[in-house]
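So the structure is just underneath, and the comments pick up after that.
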Amino acid sequence: MSVERPKPSASHRPAALGSRRTIDLLWSLVAPFVGLLVVCGIFVVYQYAVTPQNQFLSAYRMTLIAKQTAIVGVGALGMTVVIISAGIDLSAGSLMALASVTLAVSLKSGVDPRLAVLIVLAAATLAGAFNGLLITGLGLVPFIVTLGTMLVFRGLAERVSDQKKIQAPAPDWLATLLDPPAAGSWQMVCTGVWIVVVLGIVLAALLRYSVFGRYVFAIGSNEATARLCGINVPWVKIGVYAIGGWFMGIAGIFDFNNLNKQGSPTSGVGLELEIIAAVVIGGGSLNGGRGSVLGSILGALTMTTLRSGCVYAGISDPVQKIVIGSIIIGAVAVDQFLHRDQSASP
Amino acid sequence: MSATAIFSMSGVSKRFGATQALCDVSLEVAAGEVHALIGENGAGKSTLMKVLAGVYQADGGKMSIAGQPYLPAHPADALRAGVAMIHQELNLAPHLSVEANIMLGQERQRAGFLRRGRHRQMARAALERLSQPDLPLDLPVGRLPIALQQLVEIARALASDARVLVFDEPTSSLTEQDTAHLFDVIRDLRRSGLGIVYISHFLEELAEISDRYTVLRDGEVVATGELSGVALDEIVRMMVGRDLKEMFPRVPHSPGERLIQVRGLSGTDVPRDVDLVVHRGEIVGVAGLVGAGRTELLRCIFGLDRVVAGDVRIAGGGQLARNPHASIRRHTGLVSEDRKGEGLALSLSIADNLTLTRLQPYRRLGMLNLRRRTREVSEWMRRIHCKAAGPHQVMDQLSGGNQQKIAIARLLHQGADLLLLDEPTRGIDVGTKAEIYRLIGELASAGKAILMVSSYLPELMNVCDSIAVMCRGRLVEIRPARQWTEEDVMRRATGQETA
C-alpha cells in the first residue's frame, strides 16, 4: 500500500504534464496485455524447446481457454465495479451456487425457461443488493458483511437444493452456452464468451460515461468527498453490490451449462478468490478508485491460460497451485511498482 | 451593512451535551467582502462553519442567504444554496480527473449519461476565472501539486455558482509563492461579488487579505469590525482573553559542544549535498519553500528516507542516517509534520503513544508492567502541561496542541538528545504555540540540540538561534537568527542573492 504524498513543485508546467499524459495513455493501453503475453510467451518457448510437434496456441486450446474464462470473467466484471468502489464481495462464489441451483429447481418444477432466467437474475441481484444494504445500513465493512453472507448464501443454496445436485431439463439455447459452436461457424468461440464480451463493453461504457460510473469511482477514490459533494453514497453502494450480484447470476447460468444441466450447491467454493485475483491482476486496487473492465477480463484470461499451460507442460496439480499463487503476488507487485513510479514523478 | 449582506446569521446557538459550543452568535458577510473569522482552537470556529455547511443543525437562531431564509439539513443543501467550503484537508477524489472533480456532485446528465462536452466547457470556464486556463482537464487530480489541487476545489465551488465561499486554513500547506497566488485569486473572487469567510491561524495573512473580522471566544462573539487600523496584538489579546505578554517566550540557553555533523548529505531527489552542524543547547531552524527539501533533510538524517551520499556523525561515535531504529538508539528523535498520517497512532492511548519508542523500562520477561508505565506517563503529562483526562485517554480526543505535546514528549521519553521537529506548531492555536515554544526553549537550556523546520517565519525568527535556508534541495545559507530579516530569508529561499 503506497501512501500518496502530495508532490509540490515551485513551477507548474502544464506542457510537461501533457507529454507525460501521452506516455501514460499509451502505457495504460498496453499494460493490461503484458501479463498475458508473458504467460503465452513462456509456454510457446516451452513448446519449441520440448514438444515442437504439439502446438501450445492451437485453435482447440484457445477456444478451450476462452470457455474456461467465461465464468471467472463474468464474475470479474461485477467484482470490478465492487472493487473500484473500494469494496469487496466474498459471497460471489456462494451467490453463483445459489443462482445455479435456483435455475435448476425452477426448470425442474416446470417454470418457463425464459421466466426461470429472469427469476435467477432477479434473485442474484436482490442478494447482491442485500449485501449493499447491510454494508450501508449497519455501517459495517464489506469484508465482514460478505464473509457472513458467503455462508448465508451457501446455506440457502444447500436448502433450496436439499444438499443434492439437481439435474434439470433445459432447452438448447439455455444449455449450450458453453458448448463449442458448430464447425466452421462464424462464432469461433462458444456463446458464453460472446456474452462476456458484450457485457464487458456495456459495463465499460457505463463506468466511463454514466453518472453512476463516475460516482462509483468517486466513492472508491475518496468516500468522504463524495458524501460532501452531495452524492447519495448508500444508494450508489447498494447499486454496486446489486450489479455484482447480477453478474454472479449470469455466472450461475454458465455454471449450470458447465455441469451439463446441473445445479450444484457445492459449486464455486473459493471462486470469489479467483475472481478477486483476476481483477487485481488486471490493475484493480483494493484501496478503490482504480480498475478497468479490460484489465479484469485479461486478468481472468491470464489465469486460465496459465492453468491450461501448466496442464500442457505436464506440471502436477500441487506445483500448479504454487506457481499460480506466486504469479498472483508477482503480478500485483509489478503493477504496484509501476504505479508508484508514475505517481512519484511530478 | 445588512442591505448588501449576502450571508447573515443571528442568535445562532449550539449545545453538545454539557458544552455550549456556540452561544448567540451573529455574523454578517457582505457581497464583495473577505471576512476573517478569528479564534483559538476550541473557540467554536469549526462548529460555526459546520452549522453553516449543514453538517450540524443549530439549536436556535436564524440564517439567511441574500435575504432568503437558509436552513440546511445536509451538506448537499448548503451546496445548492450556494455555500461552498475549502477545507484545510482537500476534498478531492485523487483518482478522478480535474474535470470530474470540478463537476463532482453537480453532473449534467442526459438519460443517466454524462454530458462530457458541457462538463468540459463548465470546468474550463471555472478554471479560467482562476487564471488557470491551461490546466489539463483529463489529468488525475492526485498527480497535481497541492496548490493546483486546491484551485481545482475552488473551481468546483465556482462551477456550482457558489455565493458564499468559506476558506478554512487554506494556506497551511502552501508555499509563500502559492499563498500569494491564492490571495490574488481570492481578491478576484471578492471583486466578482462573492462573500468570503476566511479562517486562519496566521494573523499576518488575515491582516493582508481581510476587510472585516469577527473574533470568537468560548463560543461567543467578542468583537467584530473593520480590520484596518486594528493592531494584531489587540486581536491576539481578544482571542486569548488575557494579556499574552510574550507570543514567543524566551528561555535562556547557550550552545555547548557539537552534537551532530552532517556532511554532503544527499537523498534520492532532495536534499542535495547538505553540510550542517548542530550543537547541544542550540535551536537551528530550517526555512524554505515547500518542496525545497526541508522535510526530506530531517527524514534523511533520521534514516527514514534513503540516503544516496554523505553521512551524519553524532558525538560519542556513530552514524545516523541509516534507519530509524538505529537513530533512536543513538538518541535522536523525529516529530513528523503529519500528525494524523504517521506522527501518532490516534486510535491508541496517550500512554501507548508516549512510550512506543521505548518500552524496555516496563518490560520483564517479555511482559509489560502496565501500572508502572501508567505512573511514569502521568508524570510526563504533568511535566509538559498536557491537558487530558489521563494516560489512558485516546489520542483522537485531544486537541491538536495537546497531541503535539505528546509527540514531543515521546522524544524526551526515549531519551533523545537531538530533536528533529517538522512543523511543530502546524494547526495549533496561539496559546498552545507559545507553550510549545517555551518547551523547546527549556529543552535547549537542558542541553538538547534542536533542528526544526517551519513555514511560519516569525516563529523561526523568534525561537531559533540560527536559521538555515534551503532552496531546491540545497542548503544555501545559514546565519544567526539575529542577522536575518524575513525579506532576506524569502529572497534566499526563492533562489535570489541577498541584497
Cα convex hull of the range B:265-417: how many Å³ per residue?
135 Å³
Expressed as a rounded percentage, what relative contact order does the range B:325-473 have, with Cα pairs under 8 Å and six or more residues apart?
29 percent
Could you please rank A:Met248, A:Met96, A:Met188, placing first whichever residue has the fewest other Cβ atoms within 10 Å of its Cβ?
A:Met188, A:Met96, A:Met248
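Can you give the FRET efficiency to the nearest 0.05 for B:Glu257 and B:Asp134, using r as the Cβ-Cβ distance and R₀ = 45 Å? Display every interim value, and only then the final one.
On the way: r = 54 Å, r/R0 = 1.20.
That gives a FRET efficiency of 0.25.
In whole Å, what three semi-axes, largest first, describe the equivalent ellipsoid of the range B:127-230 built from its Cα gyration tensor (square root of 5 times each eigenvalue)? Let's see the in-between values first.
Working: eigenvalues 148, 44, 33 Å².
Listed largest to smallest, the semi-axes of the range B:127-230 are 27, 15, 13 Å.
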Separation of alpha-carbon centers, the range A:123-164 and the range B:451-499, rounded to whole Å:
61 Å
How long is the range B:1-155 along each principal axis, judged by its Cα atoms, biggest number first, in Å?
48, 31, 31
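At R0 = 51 Å, how high is the FRET efficiency between B:His74 and A:Leu37 if r is their beta carbon distance? Nearest 0.05 is fine.
Values: r = 50 Å, r/R0 = 0.98.
Approximately 0.55, to the nearest 0.05.
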Just to compare against my own numbers: the Cα pair-distance distribution for chain B, 10 Å bins, whole % per bin, please.
4, 17, 26, 25, 18, 8, 1, 0
Is any helix in chain A, taking whole DSSP H runs, at least 20 angstrom long along its axis by alpha carbon and on average at least -0.5 on the Kyte-Doolittle scale, and which ones?
A:14-49, A:59-84, A:92-108, A:113-138, A:142-161, A:191-209, A:233-258, A:293-312, A:317-344
Around B:Val29: net Lys/Arg minus Asp/Glu count, Cβ-Cβ under 12 Å:
0
Dipole magnitude of chain A about its Cα centre, charges +1 at Lys/Arg Cβ and -1 at Asp/Glu Cβ only, in debye to the nearest 20?
520 debye
Per 10 Å bin from zero, what fraction in whole % of the C-alpha pairs of the range A:220-307 is there, up to the bin with the longest pair?
15, 36, 32, 14, 3, 0
Eligible aspartates and glutamates near A:Lys165 by straight Cα distance, threshold 15 Å, same-chain separation 8 or greater:
A:Asp255
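Can you compute the FRET efficiency between A:Phe337 and A:Tyr60 using 1/(1 + (r/R0)^6), with r the Cβ-Cβ distance and R0 = 56 Å? Round to the nearest 0.05. The partial results should precede the final answer.
Working: r = 36 Å, r/R0 = 0.65.
Efficiency for this residue pair is about 0.95.
Where does the charge balance sit around B:Tyr198 when Lys and Arg score +1, Asp and Glu -1, over other residues with C-beta under 12 Å from its C-beta? Display every interim value, and only then the final one.
Details: positive: B:Lys45, B:Arg187, B:Arg190, B:Arg212; negative: B:Glu33, B:Asp168, B:Glu169, B:Glu205, B:Glu208, B:Asp211.
The answer is -2.
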Most exposed first by the Cβ proxy, i.e. fewest other Cβ within 10 Å, how do B:Glu376, B:Glu486, A:Glu274 rank?
B:Glu486, B:Glu376, A:Glu274
At what distance in angstrom do the alpha carbon centres of the range B:8-79 and the range B:285-317 lie from each other?
44 Å
Calculated on alpha-carbon atoms, Rg and Dmax of the protein assembly as shown in Å:
31.1, 95
How large are Rg and Dmax for the range B:421-475 when only the alpha carbon atoms are used, in Å?
11.7, 34
Name the shape class, rounded, prolate or oblate, that the alpha-carbon gyration tensor gives for the range B:316-381, where a ≥ b ≥ c are the square roots of its eigenvalues, rounded holds for a/c under 1.5, and otherwise prolate holds if a/b is larger than b/c and oblate otherwise.
oblate
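Computed from the mean reciprocal separation of all distinct C-alpha pairs, what Kirkwood hydrodynamic radius does the range B:375-499 have, in Å?
Working: mean 1/r = 0.0626 Å⁻¹.
16.0 Å is the Kirkwood radius here.
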Three-way shape label, chain A, alpha-carbon gyration tensor, a/c 1.5
oblate
With the contact rule set at Cα under 8 Å and sequence spacing of 6 or more, what percent relative contact order holds for chain A?
32 percent
What's the whole-number percent of alpha carbon pairs in the range A:159-205 lying beyond 13 angstrom?
69 percent
For the range B:129-168, evaluate the Debye formula with one uniform point scatterer on each Cα (no solvent term) and list log10 I(q)/I(0) at q = 0.23 Å⁻¹, rounded to two decimals.
-0.83
Report relative contact order for the range B:148-217 in percent, whole number only (criteria: Cα-Cα under 8 Å, sequence separation at least 6).
38 percent
Under 23 Å between C-alpha atoms is the cut-off here; go through chain B and count lysine pairs that meet it, provided they're at least eight residues apart or on different chains.
21
Starting from a Cα-only point model with no solvent, please compute log10 I(q)/I(0) by Debye for the range B:208-300 at q = 0.10, 0.12, 0.13, 0.23 1/Å.
-0.56, -0.71, -0.76, -1.13
With +1 assigned to the C-beta of every Lys and Arg and -1 to the C-beta of every Asp and Glu, and no other charges, what is the dipole magnitude of the protein assembly as shown about the Cα centre in debye, to the nearest 20?
1740 debye
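If you rank A:Arg208, B:Arg280 by fewest surrounding Cβ atoms within 10 Å, what's the result? Don't jump to the answer; show the numbers that get you there.
Working: A:Arg208 15, B:Arg280 21.
Ordered by Cβ neighbours within 10 Å, fewest first: A:Arg208, B:Arg280.
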Compute the distance in nm between two label points, each set 7 Å from the Cα along the Cα-to-Cβ direction, one at B:Gln88 and one at A:Val111.
5.7 nm
Radius of gyration and Dmax over the Cα atoms of the range A:168-295, both given in Å
17.7, 57
If you line up the Cα atoms of the range A:108-207 on their principal axes, what length do they span on each, largest first, in Å?
54, 39, 21
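With charges only on Cβ, +1 for K and R and -1 for D and E, what is the dipole size of the range B:1-142 about its Cα centre, in debye, rounded to 20? Spell out each step's value before the answer.
Working: 14 positive and 12 negative charges, 113 e Å.
The calculated dipole for the range B:1-142 is roughly 540 debye.
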So what J values fall out for the range B:111-128 if you push phi through Karplus, 6.51 cos²θ - 1.76 cosθ + 1.60 with θ = phi - 60°, rounded to Hz, Gly and Pro as x?
6, x, 9, 6, 8, 5, x, 4, 4, 4, 5, 5, 5, 4, 4, 5, 5, 5
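Using a/c under 1.5 as the rounded threshold, could you call the range B:137-295 rounded, prolate or oblate? The axes a ≥ b ≥ c are square roots of the C-alpha gyration tensor eigenvalues, and prolate needs a/b larger than b/c, oblate otherwise.
oblate
So between A:Lys165 and A:Leu273, what do we pick up on full extension, going 0.36 nm a residue minus the alpha carbon distance? Working shown, then result.
Working: separation 108, 0.36 × 108 = 38.88 nm, distance 2.31 nm.
So the chain would gain 36.6 nm between A:Lys165 and A:Leu273.
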What 222 nm value per residue comes from the helices of the protein assembly as shown, counting each DSSP H run with n ≥ 4 as -39,500 (n - 2.57) and dividing by all residues, nearest 500 deg cm²/dmol?
-15500 deg cm²/dmol
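Every number in this text was worked out from the coordinates using simple rules, so none of it is lab data. Keep in mind that this is a model prediction, so the values were computed, not measured. Don't worry about glycine lacking a Cβ; one is built from the backbone with ideal geometry, like all the others, and counts go over all protein chains shown.
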